[in-house]
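Notes for the one structure printed next.
The values are calculated or read from the model by the stated rules, or taken from the named source; none is laboratory data. As the structure is a prediction and not an experimental result, all values here were calculated from the model. Ideal geometry is used to build each Cβ from the backbone, glycine not excepted, and the neighbour counts take in all protein chains shown.
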Amino acid sequence: MASMLSLRPKLFRTRNPARDSNTDLDRLMTVRRAFAAAIADAEQERQGLQLRVDVYYAQATNLLDNSGDYGQRSQEDEQSIRDAEAQAAVATVRIGQIDAQIVKLGTMLIEFDRIMSDTAA
């Protein structure tokens with residue numbers, strides 16, 4: 001029992017500074033990966049929406065080419081053209097919003113990288 005209650009305190013030891021640096025870098029890289037993932041997700045969403053916009057416009061163009069002049073089109077064709085144009089307009093607005101997010105996230109990533117390089121120096 002005496003050995004368990006030794007009066008001599010154990011020597012306090014800190015971790016290896018290289019290990020601390022690696023831990024700090026890992027923590028910062030987690031944040032950097034989150035920025036990069038958010039940018040990649042936004043770019044993927046933008047790409048998908050752009051493909052849909054292209055399809056909407058292609059549908060409207062096809063209907064315009066194949067349905068006769070304005071006064072001779074059926075109501076159904078006119079409604080389909082209006083729907084395609086409306087959907088394309090909504091998607092185009094969303095693409096603009098996503099572009100703004102990508103710019104902001106990219107700026108944040110650049111600033112984060114600058115801070116990391118200042119910290120490392």
Limited to the stretch 101-121, what total is found for residues that are among the small types (Gly, Ala, Ser), over 21 Å from the mean Cα position of the chain (by Cα) and in a helix (DSSP H, G or I)?
-> 2
Across the stretch 33-77, what is the total count of residues that are without any contact (Cβ under 8 Å) to a residue 12 or more places away in the chain and aliphatic (A, V, I, L, M)?
-> 6
Test result for ALA18, surrounded by 14 or more Cβ atoms within 10 Å (Cβ to Cβ) and of a type in the set (Gly, Ala, Ser) | no
The stretch 75-107, subset among the hydroxyl-bearing types (Ser, Thr, Tyr) and surrounded by 13 or more Cβ atoms within 10 Å (Cβ to Cβ), residue modelled with the highest pLDDT = THR92
